[in-house]
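The values are calculated or read from the model by the stated rules, or taken from the named source; none is laboratory data. Please read these numbers as outputs of a predicted model, since none were measured by experiment. Cβ placement follows ideal geometry from the backbone for every residue including glycine, while neighbour counts extend to all protein chains displayed. Side chains included, ligands, DNA and RNA excluded: accessible areas come from the protein's heavy atoms. Shrake-Rupley method; radii C 1.70, N 1.55, O 1.52, S 1.80 Å.
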Amino acid sequence: MQYFDLIKRGNLLDLGIGEGRNALPFIFSGFNIDGVDISETAIKRCEEKFAKKDCTIDLIISDLRKYDIKKDNYTIIIAANVLNFFKKSEIDIIIRKIKEGLKEEGIVYLSVFSTLEQRYNSLKESNKQVEDNTFYIDEKDLYVHFFTQEELNKYFLDFELICCCEGLEYDSNDGDPHYHGIIEFMARKKSDI
């Protein structure tokens, strides 16, 4: 990770940890890791992956909407490719919890689908927005939200912006190769002076 040296050693929270890919580099640097995911299968795979490592890790099966983040506890909170699957009103609450969960000078890292996503325009034409840039996909029984850089910057106005990059990312994992519109966002909680 390009900004690794900016992150103080301490507690890491990975929201939507999956199999632990994003948290893995941190275990070799002495971080205590908390991971949350709604998928029991993903948590089991993550446990298997981390069992062979000498680290402190606490994995929890939970829906992020119901998960209470410990206040002023984390030096970094990661939410990679997970916030898109909530309504904007639910995202508002999760982001408030993220901000409260960070220690002073703690870092938030988000990776989210942007309005450059190919599906965004087709959903805008075929589905009614249930909230700003949020659509309900009936056949999958899920919500999908597409972010803008302005939206992310607005959530974290009181933070120091480190990076906010938007672009297209090639994906060959799900059947036909395609591109995703992605925003990577990183900011630091300012210390109270």
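Looking at region 97-119 only, could you name the residues that are among the β-branched types (Val, Ile, Thr) and farther than 19 Å from residue 35 by Cα? Spell out the reasoning first.
In the first step, residues of region 97-119 are kept if they are among the β-branched types (Val, Ile, Thr); the result is 98, 107-108, 112, 115.
115 - this is the single residue of region 97-119 that is among the β-branched types (Val, Ile, Thr) and farther than 19 Å from residue 35 by Cα.
Residue 94 is checked against (1) closer than 22 Å to residue 36 by Cβ; (2) outside any helix (DSSP H, G or I); (3) touching a Lys or Arg at 6+ places or on another chain (Cβ under 9 Å) and fails just one. What number does that condition carry?
(2)
Taking region 6-33 as the search range and keeping residues that are of a type in the set (S, T, N, Q) and outside any loop (DSSP other than H, G, I, E, B), which one is most open to solvent (accessible area, probe 1.4 Å)?
Here the answer is 32.
For region 115-141, enumerate the residues that are outside any helix (DSSP H, G or I) and either polar (S, T, N, Q) or open to solvent by less than 40 Å² (accessible area, probe 1.4 Å) (or both). Reasoning before the result, please.
Filtering region 115-141 for residues outside any helix (DSSP H, G or I) gives 115-117, 127-137, 141.
Matches in region 115-141: 115, 117, 127, 129, 133, 134, 135, 137.
Which is part of a strand (DSSP E or B) and within 25 Å of residue 19 (Cα to Cα), of 168, 161?
One residue alone meets the criteria, 168.
In the list 155, 120, 143, which residue meets the criterion of being of a type in the set (Ser, Thr, Tyr) and over 18 Å from the mean Cα position of the chain (by Cα)?
Working: 155 fails: over 18 Å from the mean Cα position of the chain (by Cα); 143 fails: over 18 Å from the mean Cα position of the chain (by Cα).
Going through 155, 120, 143 in turn, just one is of a type in the set (Ser, Thr, Tyr) and over 18 Å from the mean Cα position of the chain (by Cα): 120.
Condition first: acidic (Asp, Glu) and either in contact with a His (Cβ under 6 Å, 6 or more places away or on another chain) or in a helix (DSSP H, G or I) (or both). Now tell me which residues in region 70-91 satisfy that.
90
Being under 25 Å from residue 26 (Cα atoms), in a strand (DSSP E or B) and open to solvent by less than 10 Å² (accessible area, probe 1.4 Å): is that true of residue 144 here? Don't jump to the end; show me each part of the working.
Numbers: under 25 Å from residue 26 (Cα atoms): no; in a strand (DSSP E or B): yes; open to solvent by less than 10 Å² (accessible area, probe 1.4 Å): yes.
In short, no.
Is there a residue being closer than 28 Å to residue 192 by Cβ and touching a strand residue (DSSP E or B) at 6+ places or on another chain (Cβ under 7 Å) anywhere in region 38-53? Quick ask: steps written out before the conclusion?
Here is the first cut: in region 38-53, the residues closer than 28 Å to residue 192 by Cβ are none.
No - not one qualifying residue is present in region 38-53.
For residue 152, work out the one condition from (1) of a type in the set (A, V, I, L, M, F, W, C); (2) open to solvent by less than 30 Å² (accessible area, probe 1.4 Å); (3) in contact with a helix residue (DSSP H, G or I) (Cβ under 8 Å, 6 or more places away or on another chain) it doesn't fulfil.
All conditions pass for residue 152, except number (3).
Hey, can you tell me all the residues within region 98-114 that are farther than 15 Å from residue 82 by Cα and either aromatic (Phe, Trp, Tyr) or not in a helix (DSSP H, G or I) (or both)?
102, 103, 104, 105, 106, 107
Restricting to region 42-92, and then to whatever is closer than 25 Å to residue 6 by Cβ and hydroxyl-bearing (Ser, Thr, Tyr), can you tell me which residue is farthest from the chain's Cα centre (by Cα)?
It comes out as 56.
Condition first: part of a loop (DSSP other than H, G, I, E, B) and either under 13 Å from residue 19 (Cα atoms) or of a type in the set (S, T, N, Q) (or both). Now tell me which residues in region 37-69 satisfy that.
38, 39, 56, 62
Consider region 170-186. How many of its residues are surrounded by 13 or more Cβ atoms within 10 Å (Cβ to Cβ) and without any contact (Cβ under 8 Å) to a residue 60 or more places away in the chain?
Final tally of qualifying residues: 1.
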